[in-house]
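Below is one structure, written out as structure tokens; comments come after it.
The values are calculated or read from the model by the stated rules, or taken from the named source; none is laboratory data. Everything numeric here is computed off the predicted structure, so don't read it as measured data. Note: ideal-geometry Cβ built from the backbone for every residue, glycine included; neighbour counts use all protein chains shown.
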Amino acid sequence: MRKARADMSSRPHILFAVTVPVSWNFYRGMLRYLANAGLSVTMVSAPGKSLDEIGTAESAASVGVPMEREISPLRDLASLGRLYRVMKAARPQIVDASTPKAGLLGMLAAMLAGVPCRIYTVRGLRMETATGLKRLVLLGTERVACWCAHRVLPVSESLRQRVIELKLVNPEKTYSLGTGDCSVDLDRFTPRLRNSEQVSRLRQDLGLTGNERVVGFVGRFVKDKGIGELVDAFRQLSASDSGLRLLLVGDFEDGDPVAPQVRRYLETTPTVLRTGFVDDTAPYYALMDVLVLPTYREGFPCVPLEAQASEIPVITTNATGAVDSVQDGVTGLIVPPKDARALADAIHTLLRNPDIRAEMGRAGREWISRHFRPELIWKAHAEMYREMLEEYSQRERQSGPSLAVKRVFDLFVATTTLFLFSPLLIAIALVVRIFLGSPVLFRQVRPGYAARPFTCLKFRTMTDECNANGQLLPDAQRLTALGRFLRASSLDELPELINVLRGEMSLVGPRPLLMQYVDRYTPEQTRRHDVMPGITGWAQVNGRNAASWDQKFAYDVWYVENRSFFLDLKILILTVWKTLKREGISNGKHATMPEFMGCEKQTTGQVS
């Protein structure tokens with residue numbers, strides 16, 4: 001184990017966490033790039049030879065923490081404790097954790113250790129192919145990891161859409177690096193290898209003459225990779241083509257094993273060539289006519305990208321992640337998962353059309369060169385980390401030590417209130433469900449700290465009634481008697497305590513308004529986003545909706561300039577008093593505040 005303490009006074013410190021050492025292949029080159037860019041880097045994973053070797057090669061500190069890939073409650077708890085101690089000792093400003101187990105434990109440990117910038121890099125969703133209790137457990141662990149993170153980084157666009165579809169994370173919390181988060185060394189993965197002496201030796205060792213048609217696969221031999229469908233497709237094709245070979249670069253694994261008959265076929269069929277796991281896969285692509293990845297799920301697979309860089313066309317599926325790794329009909333073909341017939345047809349199409357294979361190969365390398373050069377991916381990561389560090393630095397300069405006190409106070413009050421008022425919350429939810437229907441919660445994207453979007457939660461107070469043209473009726477017509485009561489008593493605001501727990505809001509601060517207002521503010525009014533938005537604020541206890549927009553913004557800026565813990569206490573006390581007196585609930589003839597237009601002209605809008 002290679003340890004190092006970062007020089008925190010001069011070099012920002014970032015800690016990466018993955019479950020097993022083999023996953024450091026995702027980071028080869030990038031860690032050294034970040035170190036050369038002025039960051040102090042620490043690697044944490046289960047112990048292993050490659051952890052220390054890659055740490056030395058990448059100029060990074062390395063720490064071994066035992067972690068299990070499969071669910072193991074007692075060992076996982078022990079790993080969490082070790083991760084927490086490592087983070088408290090290292091004191092990184094950023095933790096970037098990925099792979100399922102390290103993602104969960106790393107985010108929990110980082111949150112408990114008070115790491116100011118937390119990133120969960122999602123490299124796939126195991127729960128997509130899980131069933132029953134295991135699926136529920138995996139779904140819950142993903143939600144926890146996303147909840148603990150400040151940013152969630154799915155490694156492909158289809159994966160980003162999937163985590164949003166499954167409601168694992170709020171859309172505004174996700175971050176995208178563009179086409180996909182995987183880099184390919186074009187000097188290493190190159191068609192020039194085809195005529196190399198190394199490839200000639202490999203061809204001889206595998207008993208290939210150069211006249212065969214070779215279908216390749218690189219990866220683990222597990223069910224989720226579609227090995228069963230690959231065997232079925234190969235059986236269909238080889239029945240009429242004695243020159244067909246299946247080259248498998250990888251090996252079996254105990255987790256998610258293939259069916260016994262599939263394993264037996266792979267182990268006993270002479271036309272199936274198995275290499276085991278190899279240190280360098282690059283020369284093996286040069287032996288293939290087509291690369292096949294019939295996977296059920298991915299994050300963003302690197303193997304198809306490496307094959308395309310080697311000018312080998314790829315056949316994969318439209319499963320999450322995999323669908324982003326090939327340009328269908330341009331650099332390869334995409335088929336449905338779990339469809340051996342479609343897979344066989346696609347393989348047959350490419351094998352009998354060498355001109356199409358060559359054209360797809362050239363297009364594939366050009367696509368990889370344009371979007372997946374290491375420097376492009378590494379630079380995008382560095383910019384993301386710098387951006388987060390700048391946001392954190394800005395918060396520190398503006399808030400100082402009082403920020404920690406405010407956050408602890410927010411967490412204590414929010415947690416206590418949610419616990420004590422849970423029967424009331426359940427009762428309100430039931431009443432809203434009965435009288436207003438579903439959904440019970442009103443969700444709206446609003447600008448938070450630094451105008452960064454987040455989803456604000458409130459109880460619904462209005463119906464969804466529309467006019468004959470399908471447009472929502474004015475707020476006053478949709479606001480029900482129940483809604484008026486919830487607003488007058490401020491009970492509709494209680495779900496915002498969840499936003500407080502998430503770190504998206506504070507108990508006290510300028511109210512989060514609408515996203516379209518951000519561009520309408522004057523530079524002075526924009527200062528209201530220099531602090532976290534609040535459930536209540538100085539403007540709320542000085543008129544609430546009865547005050548004009550100019551007055552409200554002036555109160556907000558005054559709060560930013562004069563905020564303190566004791567001022568927050570005063571505002572909270574006044575809020576209770578104003579709520580009991582029901583002051584400032586409406587604005588003249590409007591049920592809610594008129595829309596802020598950036599000038600004197602205003603129209604009715606739903607803001608409160």
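Cβ-Cβ under 7 Å, sequence separation 6+ or interchain: first residue in the stretch 365-386 and more than 20 Å from Tyr175 (Cβ to Cβ), partner part of a helix (DSSP H, G or I). Which pairs?
Listed by first residue and then by second, the contacts come to Arg365/Gln308; Arg365/Ala309; Trp367/Gln308; Ile368/Leu305; Ile368/Gln308; Ile368/Ala309.
For the stretch 575-593, how many residues are modelled with pLDDT of 50 or more and surrounded by 19 or more Cβ atoms within 10 Å (Cβ to Cβ)?
Adding up the residues that qualify gives 5.
Which of (1) in a helix (DSSP H, G or I); (2) surrounded by fewer than 22 Cβ atoms within 10 Å (Cβ to Cβ) does Ala233 not meet, given it meets every other one?
(2)
Just a yes or no: is a residue in the stretch 511-519 farther than 17 Å from Asp568 by Cβ, under 27 Å from the mean Cα position of the chain (by Cα), aromatic (Phe, Trp, Tyr) and modelled with pLDDT of 90 or more?
Within the stretch 511-519, none of the residues are farther than 17 Å from Asp568 by Cβ, under 27 Å from the mean Cα position of the chain (by Cα), aromatic (Phe, Trp, Tyr) and modelled with pLDDT of 90 or more.
To keep it simple, each residue is scored yes or no on (1) out of contact with any Asp or Glu (no Cβ under 6 Å at 6 or more places or on another chain); (2) over 16 Å from Thr19 (Cβ atoms); (3) exposed (fewer than 15 other Cβ atoms within 10 Å of the Cβ); (4) without any contact (Cβ under 8 Å) to a residue 12 or more places away in the chain.
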residue	(1), (2), (3), (4)
Ser45	yes, no, no, no
Gly48	yes, no, no, no
Asp52	yes, yes, no, no
Ala60	yes, yes, no, no
Met67	yes, no, no, no
Ile71	yes, no, yes, no
Leu74	yes, yes, yes, yes
Val95	yes, no, no, no
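What's the number of the condition Ala307 fails, among (1) buried (at least 24 other Cβ atoms within 10 Å of the Cβ); (2) free of Cβ contacts under 8 Å to residues at least 60 places away in the same chain?
(2)
Which one is nearest to Thr417 (Cα to Cα), of the residues in the stretch 503-523 that are in contact with a Phe, Trp or Tyr (Cβ under 8 Å, 6 or more places away or on another chain) and of a type in the set (D, E, K, R)?
Glu504
Would you pick out the residues in the stretch 167-203 that are in a helix (DSSP H, G or I) and under 25 Å from Asp280 (Cβ atoms)?
So in the stretch 167-203, the residues in a helix (DSSP H, G or I) come out as 171-173, 191-195, 197-203.
Correct list: Pro191, Arg192, Leu193, Arg194, Asn195, Glu197, Gln198, Val199, Ser200, Arg201, Leu202, Arg203.
Within the stretch 30-42, which residues are within 21 Å of Val184 (Cα to Cα) and either surrounded by 15 or more Cβ atoms within 10 Å (Cβ to Cβ) or aliphatic (A, V, I, L, M) (or both)? First the steps, then the outcome.
If we filter the stretch 30-42 for residues that are within 21 Å of Val184 (Cα to Cα), which is where we start, we get 30-37.
Residues satisfying the conditions are Met30, Leu31, Arg32, Tyr33, Leu34, Ala35, Ala37.
Here are some conditions: (1) in a helix (DSSP H, G or I); (2) surrounded by fewer than 18 Cβ atoms within 10 Å (Cβ to Cβ); (3) not assigned by TED's automatic domain parsing to the domain that holds Val144. Ile164 meets all but one. Which one does it not meet?
(3)
Within 20 Å of Glu493 (Cβ to Cβ), touching a helix residue (DSSP H, G or I) at 6+ places or on another chain (Cβ under 9 Å) and either part of a strand (DSSP E or B) or modelled with pLDDT under 95 (or both) - does that describe any residue in the stretch 392-403? Walk me through how you get there before you give the answer.
Here is the first cut: in the stretch 392-403, the residues within 20 Å of Glu493 (Cβ to Cβ) are none.
Scanning the stretch 392-403 turns up no residue that is within 20 Å of Glu493 (Cβ to Cβ), touching a helix residue (DSSP H, G or I) at 6+ places or on another chain (Cβ under 9 Å) and either part of a strand (DSSP E or B) or modelled with pLDDT under 95 (or both).
Given the conditions (1) surrounded by fewer than 21 Cβ atoms within 10 Å (Cβ to Cβ); (2) within 20 Å of Ser23 (Cβ to Cβ); (3) not β-branched (Val, Ile, Thr), and given that Asp241 satisfies all but one, which numbered condition is not satisfied?
The number of the failed condition is (2).
Give me the helices (runs of 4 or more DSSP H) completely within the stretch 12-101, filtered to those with at least 1 residues that are within 25 Å of Ser393 (Cα to Cα), ordered by residue number. Write out each step before concluding.
Numbers: elements: 30-36, 49-57, 73-90.
Passing ranges, in order: 30-36, 73-90.
Can you pull out the helices (runs of 4 or more DSSP H) entirely within the stretch 440-507 that have at least 1 residues that are crowded, with 21+ Cβ neighbours inside 10 Å?
Working: elements: 475-478, 481-488, 496-502.
Result: 481-488, 496-502.
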